[in-house]
Number of protein chains: 2
Amino acid sequence: MMVLITYDVNTEDRHGRKRLRKVAELCVDYGQRVQNSVFECSLTPAEYVEIKEKLFEIIDKSTDSIRFYNLGKNWQHRVEKMGFDDTYDPDKDLLIF
Amino acid sequence: MMVLITYDVNTEDRHGRKRLRKVAELCVDYGQRVQNSVFECSLTPAEYVEIKEKLFEIIDKSTDSIRFYNLGKNWQHRVEKMGFDDTYDPDKDLLIF
């Protein structure tokens, strides 16, 4: 399933900036950064549970916000893009290293 | 339909900061701000076309990114929230002024 993860982390102090860095680093491990605080993550149900547990450990629940939007399997038809875009479709594009 | 709108506007110069302000002001007219650069907008198909046209006029297509995620009608089951949340469900909650 494709899960969109968006976040707002309160970066008023250095603890917040550290949390923000940790959240971003974690999301990079699970998906593609499509905007500064927006990741598209192609996840198994187990991975979805896993990333939620890890994020729950990182954030300050009283100030930080994370939202998960489950776009399902046929997610491509749900997305439209405008302007700058250097993203790829993980279900279609082939990466050659 | 519920459309999630997320954006990254390049704010390196004052023109960018002006564009960011305009994008945010426009999105406020169409939906609920759920994070700093994330709006949930309950739109008719006509409104969806309209906001896209307006955003297209505002942004710098070479540097700014806007993404639209059509969550459909039964969108509530697609959303999970973690941490701070002061949002409401426009299809359920009653606001009394």
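Over all distinct Cα pairs, what is the inverse of the mean 1/r for chain A, reported as the Kirkwood hydrodynamic radius in Å?
14.4 Å
If I model a spin label as a point 7 Å beyond the Cα along the Cα-Cβ vector, how far apart are those points for A:Thr44 and B:Thr44 in nm?
In this crude label model, A:Thr44 to B:Thr44 measures out at 4.6 nm.
I need the per residue convex hull volume for the protein assembly as shown, using only the alpha carbons, in cubic angstrom as a whole number.
Spelled out: Cα convex hull of the protein assembly as shown, divided by residues, is 152 Å³.
How would you rank B:41-49, B:15-23, highest first, on the average number of other Cβ atoms within 10 Å across their residues?
Descending packing order for the listed peptides: B:15-23, B:41-49.
Label segment B:31-85 by shape, choosing from rounded, prolate and oblate, from the square roots a ≥ b ≥ c of the eigenvalues of the Cα gyration tensor; if a/c is under 1.5 it is rounded, and otherwise prolate applies when a/b is larger than b/c, oblate when it is not.
Oblate.
Tell me the distances, shortest first, between B:Gly16 and the same position across the other copies, using label points 7 Å along Cα→Cβ, in nm to one decimal.
2.1
Assume the label is 7 Å from Cα along Cα to beta carbon: what separations in nm does A:Lys92 have to the matching positions in the other copies?
3.4
For chain A, with a Gaussian network of springs between Cα atoms less than 10 Å apart, report the residue from A:Lys73, A:Lys61, A:Lys81 with the top mean-square fluctuation.
So, out of A:Lys73, A:Lys61, A:Lys81, the one fluctuating most is A:Lys81.
Distances from A:Asp29 to the same position in the other copies: list them in nm, one decimal, shortest first, using label points 7 Å from Cα along Cα→Cβ.
4.4
Nearest 10 degrees, 0 to 90: what angle lies between the long axis of helix A:14-30 and the longest principal axis of chain A (Cα atoms)?
20 degrees
Expressed as an acute angle from 0 to 90° and rounded to the nearest 10, what is the orientation of the C-alpha long axis of helix A:45-58 relative to the principal long axis of chain A?
Approximately 30 degrees, to the nearest ten.
Given a Förster distance of 35 angstrom, what is the FRET efficiency for A:Lys54 paired with B:Leu26, based on the Cβ-Cβ distance and rounded to 0.05?
Efficiency, rounded to the nearest 0.05: 0.50.
Work out the mean other chain Cβ neighbour count within 10 Å for the residues of B:12-19 and drop it here as an integer.
The mean count of partner-chain Cβ atoms within 10 Å per residue comes to 0.
How high is the relative contact order of chain B, in percent, counting Cα pairs under 8 Å that sit 6 or more residues apart?
Relative CO of chain B lands at 40 percent.
Rule-based calculations on the coordinates, nothing more; no lab input. Fair warning: this is a prediction, and the values are worked out from it, not measured in the lab. Virtual Cβ from ideal backbone geometry, glycine too; neighbours counted across all protein chains shown.
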